[in-house]
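Take a look at the structure set out below.
The values are calculated or read from the model by the stated rules, or taken from the named source; none is laboratory data. Only a predicted model underlies this, so the values are computations on that prediction, with no experimental measurement involved. Because the Cβ atoms are built from the backbone with ideal geometry, glycine has one as well, and the counts that use them run over all protein chains shown. In case anyone asks, the SASA skips ligands and DNA or RNA and just uses the protein heavy atoms, side chains included. Shrake-Rupley method; radii C 1.70, N 1.55, O 1.52, S 1.80 Å.
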Amino acid sequence: QIFNQHNAEAPNLEPAFRRMAQMEPNLDHDVSWFLLPSYWAKMVVALISFLCFANSYDGDFVFDDSEAIINNKDLRAETPLGDLWYHDFWGSKLSSNTSHKSYRPLTVLTFRINYLFAGGFYPVGFHVINIILHCAISVLMVDVFSILLGGLQFSNKGRRLNLAPKSSLLAALLFAVHPVHTECVAGIVGRADLLCALFFLLSFLGYCKAFKENKEGHTFSVFWVLVSVVLGAIAMLCKEQGITILGLNAVFDALVINKINLLELIRKLLYKDKSLENAGLLRKGLLFRITLLMCGGAGILYIRWRIMGTGPPAFTEVDNPASFADSLFVRAINYNYYYSLNAWLLLCPWWLCFDWSMGCIPLIKSVSDWRIIALAALWFCLIGLICQALCSEDSHKRRILTLGLGFLIIPFLPASNLFFRVGFVVAERVIYLPSIGYCILFTYGFSLLSKQAKKKKILAVAVLGILLINVMRCALRSSQWRSEEQLFRSALSVCPLNAKVHYNVGKNLADKGNQSAAIKYYREAVRLNPKYVHAMNNLGNILKERNELHEAEELLSLAVQIQPDFAAAWMNLGIVQNSLRRFEEAEQSYWTAIKHRKKYPDCYYNLGRLYADLNRHIDALNAWRNATVLKPEHSLAWNNMIILLDNTGNLAQAEAVGREALELIPNDHSLMFSLANVLGKSQKYKESEALFLKAIKANPNAASYHGNLAVLYHRWGNLDLAKKHYEVSLKLDPMAPGTKENYNLLRRKLEQLQKKGG
């Protein structure tokens, strides 16, 4: 559908977008930079953006990747595709009180496709897609910047012209190599930002295509306006920021297509000037297009609201301390300080951190805090740019500055805390789209300097130096994102006051078995944040394993006191109390954990162990059965059921449970071993032998497997095979209980047989 509207007051006026280049100065005239054909410019941008982040292709799953990908059931084939539309980014139901309400089903769908094609959780495929997406976005930026910096004009054949090839190349290179983008590219969960940016830019380019004059001379195409709205909706389904493109399309329409002077428009609105129509609001269908954008945006937000529910996301004070401040003054001051830090990351992206919460940025509580200077500097620059954008007599300057500020500020609004509380202090990923505005302003500033500079080559070399430094910084930062150890340790120098940084370093060390070093970092995390219950829980776990039970109990008791619904801490407290032989308290702790987390198989498993220690065999079996119902692959619970039934003489029941377990977990060698023992006692020697041999094949260095198989052969009368496996068992573990005695009995028997034979 094509919309045609004639302007009665200016019958001979050509569409504004056809004459813009003739009426305004060309930005490229003052820019001392490389001039390349469009194809080569895009190839250069693609190659350089690839080089920046190529070394992240073989990185691990790090930080948030675990929750969003590895632990997200929405990626698995058994989860219905329809569930993606009712779950948040992390796989939780949007209706849940614990959901962060981050609704990004299309991003999760791409993760699912990655998972299915790779045949499992292999990070290479995930990383490669992220790198390709960033390269594609950087290439698209050449076209986007050519419009934003040079204007929109089409040739007689309907082909869009690049009126600022040098400026658009420079701006696209600045975008491609900006180190602040590393989190989005090298961190797999950053795909949400990449996909959002891709459809964000496609929506903008689609909107521009609406003004391509066709053969009938129609002014604009409603079809392409609607396409841009649909692409904006897709961008929002990748990440929430995507909806802001509709506002930016409206700004672009007003400034570039209709060439509205905002200051003049404000004056006419204030004085109710009758010539308001001449300001361009009613010409060329602007109001109609803005109405389409507004209706589309309102419809998208309404649907999103209905799916998400009315409840706001649940965040804690440590996620965003300023938003929990009682004083409006403290909140306002700190929000503005956060804005200045984001601006600084764009200007000087040297100090980068995977997480800026938990004390990394202490609150400003007084005007005497020296950091107020950063706020003043930010607003001094912004007000200066806004004044120039509104009041400059140069329409070209007004347009570029307004578009630069628009692309800098509008995509950042969802992360600004102005409309709703967000779950972070500073997040490098949310600057991916606003960096477009930064690149516009930087390029325009460079053109102004080039115009004034006598030695333009020196200025060009300086910019080349900045690009080269950024490339190296991207490569270095990408290498840090390849593993959690490097990523977490890199943050220690940037945010030494961040308790979460110390916690993550400690957790990484604990996972590698370095408990002594992990304790040091966990203690520091608790010192920096005395209410950090997760650090207390993990530290208590390590102390429990080191048999430092009393300190472990103190830490875990404090954790559940601070957060009474912390199920994991209640379970671990129960384990410690069980070790201290305070059985009633342990049982109470386990049931409290289950009360707060209904589906908690590990807690049922530990409860079963407690009941087994108390000889409450029926209760123990029931607890372990609950664990296997909730988690059918819970090998330890199955094993304990088999062993308990075996020890109490219920061989038939033990055999039935063992067979049921092996049907569910057919490759678990410990289950094979336990069932083989039961079958041996039931004199089913052949089947028992087969299971023992299968278990030994899966785990050949288990001394007990060889020892028990030897006992089976001993009972069965295969004495030579019994002797062989006794010897293997003793070789693997000379102190194996009972094996040496059984071996000596066998040797004596063999000697007696030899004497009789002699």
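List of remarks:
- Burial order of peptide ranges 70-83, 572-585 (average beta-carbon count within 10 Å, highest first): 572-585, 70-83
- For the stretch 303-368, averaging the sequence separation of C-alpha pairs within contact (under 8 Å, six or more residues apart) and dividing by the residue count gives a relative contact order of 37 percent.
- Dimensions in Å of the stretch 573-732 - Rg and Dmax from alpha carbons: 17.5, 56
- Only Lys, Arg, Asp and Glu carry charge here, each on its Cβ (+1 for the first two, -1 for the last two); on that basis the chain has a dipole of about 1220 debye about its Cα centre.
- In the complete set of protein chains, residue-level accessible area for residue 570 is approximately 50 Å², probe 1.4 angstrom.
- Per residue, in Å², the accessible surface of the chain once ligands and nucleic acids are set aside, probe 1.4 Å: 47 Å²
- Pairs from the table (544/599; 631/723; 73/598) lying more than 29 angstrom apart at Cα are 631/723.
- Cα-based Rg of the stretch 498-598 normalised by 2.2 N^0.38 Å, two decimals: 1.03
- Among the listed pairs 268/397; 694/740; 520/595; 397/456, those beyond 27 Å (Cα-Cα): 520/595
- Cα-centre dipole for the stretch 31-308 with unit charges at Cβ (Lys and Arg positive, Asp and Glu negative), debye to 20: 1220 debye
- Share of carbon and sulfur in the accessible heavy-atom surface of the chain [1.4 Å probe, %]: 60 percent
- Spherically averaged projected area in nm², based on the convex hull that wraps the Cα atoms of the stretch 452-557: 9.1 nm²
- The H on the amide N of residue 154, modeled in the peptide plane, is under 5 Å from the matching H of 161, each at least 5 residues off or on a different chain.
- Working ranking of peptides 163-169, 131-137 by packing, defined as the average number of other Cβ atoms within 10 Å per residue, highest first, is 163-169, 131-137.
- Cβ charges +1 (Lys, Arg) and -1 (Asp, Glu), total dipole of the stretch 321-478, debye: 620 debye
- Over the stretch 498-598, Cα pairs under 8 Å with separation of 6+ residues give a relative contact order of 19 percent.
- Here the gap between residue 581 and residue 332, fully extended at 0.36 nm per residue and compared with their Cα-Cα distance, gives a gain of 84.4 nm.
- Histogrammed with a bin width of 20 Å, the alpha carbon distances of the chain distribute as 14, 39, 27, 15, 5, 1, 0 percent, first bin at zero.
- Residue 302 versus residue 40: modelled label distance in nm, points set 7 Å from Cα along the beta carbon direction: 5.3 nm
- The mean sequence distance of close C-alpha pairs (under 8 Å, at least 6 residues apart), as a share of the length of the chain, puts its relative contact order at 11 percent.
- Percentage of interatomic Cα-Cα distances in the stretch 93-182 larger than 22 Å: 54 percent
- Modelled spin-label separation between residue 118 and residue 317, with each label point placed 7 Å from Cα along the Cα-to-Cβ direction: 3.9 nm.
- Considering only 336, 401, 352, and ranking their Cα positions along the charge dipole of the stretch 321-478 that arises from unit charges at the beta-carbon of Lys, Arg, Asp and Glu, the one farthest toward the positive end is 401.
- Each peptide in 620-632, 192-204 gets a packing score, the mean of other Cβ atoms within 10 Å over its residues, and the list from highest to lowest is 192-204, 620-632.
- One decimal place: the segment residue 527-residue 545 gains 4.3 nm when fully extended, by the rule 0.36 nm per residue minus the C-alpha distance.
- Dipole of the stretch 321-478 computed with +1 at Lys/Arg Cβ and -1 at Asp/Glu Cβ about the Cα centre; of 460, 372, 436, farthest Cα towards the positive end is 460.
- Per-residue ellipticity at 222 nm from helix content only, as computed over the chain with -39500 (n - 2.57) for each DSSP H run of at least four residues, stands at -20500 deg cm²/dmol.
- Rounded to 0.05, the FRET efficiency of the residue 721 and residue 54 pair, given R0 = 51 Å and the Cβ-Cβ distance, is 0.35.
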